[in-house]
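The values are calculated or read from the model by the stated rules, or taken from the named source; none is laboratory data. If you're wondering where the values come from, they're calculated on a predicted model, not measured in any experiment. Reconstructed Cβ throughout: ideal geometry from the backbone, glycine too, with neighbour counts over all protein chains shown.
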């Protein structure tokens, strides 16, 4: 993969410094400022403009002509669809693997595992829309494999993205299925592991491989290529690990 990234980068023409437009899955929104800061140290004249959203909605925007140059997804399915359509010019590569976590504003007994969702005290469960948000799809898979889905789906409060799910989990619901990465934001420090949050058993859902592609609008743009290559660098991997991701 490293060889591919280097060859791709070297094959692009150099352009003047400017701005690159990135469509970014909401779960990476918690790490993006640290990533941008590290990138800026290497390329101080390049501005990274980020649009956050669910991977499905961002893909729909891209297919309808949105001028993004790079797509950083929460799964591999959406980047692969764009590549098959010829809208992405690089084959999707995994930059990180995400994890699901439970989150509640109140103390919970997480020793119950996923059966906690069946408790009478849990009346509303925040879940990202599984039609457009890969973490929502993973949450439903976990509940199905945990044998609780049919019993608890009437409790669901759907959010449009995983970042909105975080908000719902602590305001509009009793518990929520969120991206573990969100818990490493300084704003989330008051939520305690084992008290307010706990990682969902990874055996209950398919690993969340997250992929990235360069889009047609970013083809032959050296700054887009630089950020693309940076996302596979040791520095970026360290930042992603700091936010709870596994990295290839």
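Note on the range 184-204: among residues that are in contact with a strand residue (DSSP E or B) (Cβ under 6 Å, 6 or more places away or on another chain) and outside any strand (DSSP E or B), the one that is farthest from residue 142 (Cα to Cα) is 191. Within the range 52-77, take every residue that is under 17 Å from residue 227 (Cβ atoms) and in a loop (DSSP other than H, G, I, E, B) and give me the one that is nearest to the chain's Cα centre (by Cα). Top of the filtered list is 73. Among the residues making up the range 213-248, those that are outside any helix (DSSP H, G or I), in contact (Cβ under 8 Å) with a residue 12 or more places away in the chain and out of contact with any helix residue (DSSP H, G or I) (no Cβ under 7 Å at 6 or more places or on another chain) are 219, 220, 221, 231, 246, 248. A single entry from 90, 165 fulfils the requirement of being buried (at least 18 other Cβ atoms within 10 Å of the Cβ) and in the same structural domain as residue 59 (by TED's automatic domain parsing): 90.
Scanning the range 38-51 for residues that are in a strand (DSSP E or B) and more than 13 Å from the chain's Cα centre (by Cα), which turns out surrounded by the fewest Cβ atoms within 10 Å (Cβ to Cβ)? It comes out as 49. Of the residues making up the range 199-240, those that are within 29 Å of residue 115 (Cα to Cα) and surrounded by fewer than 22 Cβ atoms within 10 Å (Cβ to Cβ) are 199, 201, 202, 203, 204, 206, 207, 209. Screening residue 111 against (1) farther than 23 Å from residue 201 by Cβ; (2) without any contact (Cβ under 8 Å) to a residue 12 or more places away in the chain leaves a single unmet condition, (1).
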